[in-house]
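Working notes, beginning with the structure itself.
The values are calculated or read from the model by the stated rules, or taken from the named source; none is laboratory data. Everything quoted here is computed from the prediction, not taken from an experiment. Note that each Cβ is placed from the backbone with ideal geometry, even for glycine, and that neighbours are counted across all protein chains shown. In case anyone asks, the SASA skips ligands and DNA or RNA and just uses the protein heavy atoms, side chains included. Shrake-Rupley method; radii C 1.70, N 1.55, O 1.52, S 1.80 Å.
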Amino acid sequence: MTSSSNEGYSTEKVRVSADFLKSKMGNVKPKIGIICGSGLSGLGEVVENKIVVKYSEIPSFVESTVPGHKGQLVFGQISGKDVVCMQGRFHPYEGYPGWVVGFPLRVMKLIGIEMVLATNAAGGINPEFKVGDFMLIKDHISFTGLAGYTPLVGPNDSSFGPRFPPMNDAYDKNLRTLFKQCASDLGYDDFMRDGVYCNVFGPSYETIAELRLLLKLGGDAAGMSTVQEVVTARHCGIKVIACSLITNECILEYDTDKTVCHDEVLQTANDRAHQMQTLVTNSQTSRTHWQPLHCS
Ligand SMILES: O=P(O)(O)O[C@@H]1C[C@H](O)[C@@H](CO)O1
């Protein structure tokens, strides 16, 4: 299987996985999907009346091999609203073709999801960003996509969407406005940013020269996920909102002993887990904020 084909993919596989999940969901009928980034699995812990389904049980789901990603779906309620939460995602660098990384989003579509909130851990490129900041993603630069790695490669499955989907509206403008209002209500303005997420393949972190390039190109944060999910979701008409946690500083200077490692990423995620949970939980309840998420 190569990254330049979707060999192994079929609509039937998506249907089988969706039917399997429908048989496990009970009365839960989620329209909202939440994807937990590295170290942010705690978002799934706030789900009430949990129904947990391990990825290993779900037909055509693969394993999540990364520390900080649990590898299970959690169905239940957050603030009284039905949700499904992906505790763990699949990354291109784990060796999976694009369609496998995007596969859960098509399954979500078939079980009724209309809006996805994706989170991730990312390195801060923008010199004004601090470790621990949240960055609401307003756009992305997909170096993986531009290099030919995309979940939409191969014959188009027109039962999900068109051959040439637009991506200029990938991150829903109204939802972003509401999300920021919610963050503001919570007193999060000091660490709530917005910006452009640069998707790199990984798993090595970037060189200094690469990061300087990303900065020059307009990138605010670098990360190894999310974009394949967003492209798959938008292709099939799921609305998207995405938020990065800036877990580490990207090192743009040669004259330093600083470095970056996944433990630091997980530590920051752990330190900020509570605020991220509050934001996600509150986002679904406060005032008019998530009215669009009722997806009526
Ligand atoms: O799944 P996310 O994007 O949150 O995880 C990031 C990217 C790599 O998997 C890992 C690097 O530390 O964290």
* **Breaking point among (1) away from the ligand (no atom under 16 Å from the Cβ); (2) modelled with pLDDT of 95 or more, for Thr256** => (2)
* Structure fact -> Over region 85-98, the set of residues within 15 Å of the chain's Cα centre (by Cα) and open to solvent by 20 Å² or more (accessible area, probe 1.4 Å) is none
* Does at least one position in region 140-151 carry a residue that is open to solvent by 10 Å² or more (accessible area, probe 1.4 Å), closer than 18 Å to Val200 by Cα and within 13 Å of the ligand (Cβ to nearest atom)? -> yes
* Structure fact -> Reported set for region 47-84 where residues are open to solvent by 60 Å² or more (accessible area, probe 1.4 Å) and assigned to a strand (DSSP E or B) is Glu48, Asn49, Lys50, Val52, Lys54
* **Single condition Gly202 does not satisfy, out of (1) on the phi > 0 side of the Ramachandran plot; (2) in contact with a Leu (Cβ under 6 Å, 6 or more places away or on another chain)** => (2)
* **Residues (open to solvent by 70 Å² or more (accessible area, probe 1.4 Å) and β-branched (Val, Ile, Thr)) located in region 170-206** => Thr177
* Would you be able to say whether some residue in region 123-134 is farther than 17 Å from Glu229 by Cα, under 15 Å from the mean Cα position of the chain (by Cα) and of a type in the set (Lys, Arg)? => no
* To do: Please specify each residue of region 267-292 satisfying the condition of being modelled with pLDDT under 50, in a loop (DSSP other than H, G, I, E, B) and among the polar types (S, T, N, Q).
  => Ser286, Thr288
* Among the residues of region 219-252 satisfying the criterion of being more than 16 Å from the ligand (Cβ to nearest atom) and under 25 Å from Leu178 (Cβ atoms), which is surrounded by the fewest Cβ atoms within 10 Å (Cβ to Cβ)? -> Gly237
* Selection within region 24-37 - in contact with a Lys or Arg (Cβ under 9 Å, 6 or more places away or on another chain) and open to solvent by 10 Å² or more (accessible area, probe 1.4 Å) -> Lys31
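Residues checked against (1) touching a strand residue (DSSP E or B) at 6+ places or on another chain (Cβ under 6 Å); (2) away from the ligand (no atom under 15 Å from the Cβ):
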site	(1), (2)
Val52	yes, yes
Val62	no, no
Val66	no, no
Met86	yes, no
* To do: Test Gly44 against the criterion of being in a helix (DSSP H, G or I) and in contact with a strand residue (DSSP E or B) (Cβ under 7 Å, 6 or more places away or on another chain), and give yes or no.
  => yes
* How many residues are in contact with a Gly (Cβ under 6 Å, 6 or more places away or on another chain) and of a type in the set (Ser, Thr, Tyr) if we restrict to region 47-66? -> 2
* Go through the residues of region 118-136 one by one and say whether even a single one is more than 24 Å from Val53 (Cβ to Cβ), open to solvent by 10 Å² or more (accessible area, probe 1.4 Å) and of a type in the set (Val, Ile, Thr). => yes
* Structure fact -> Of (1) closer than 23 Å to Ser64 by Cβ; (2) in a strand (DSSP E or B), Ile141 fails just (1)
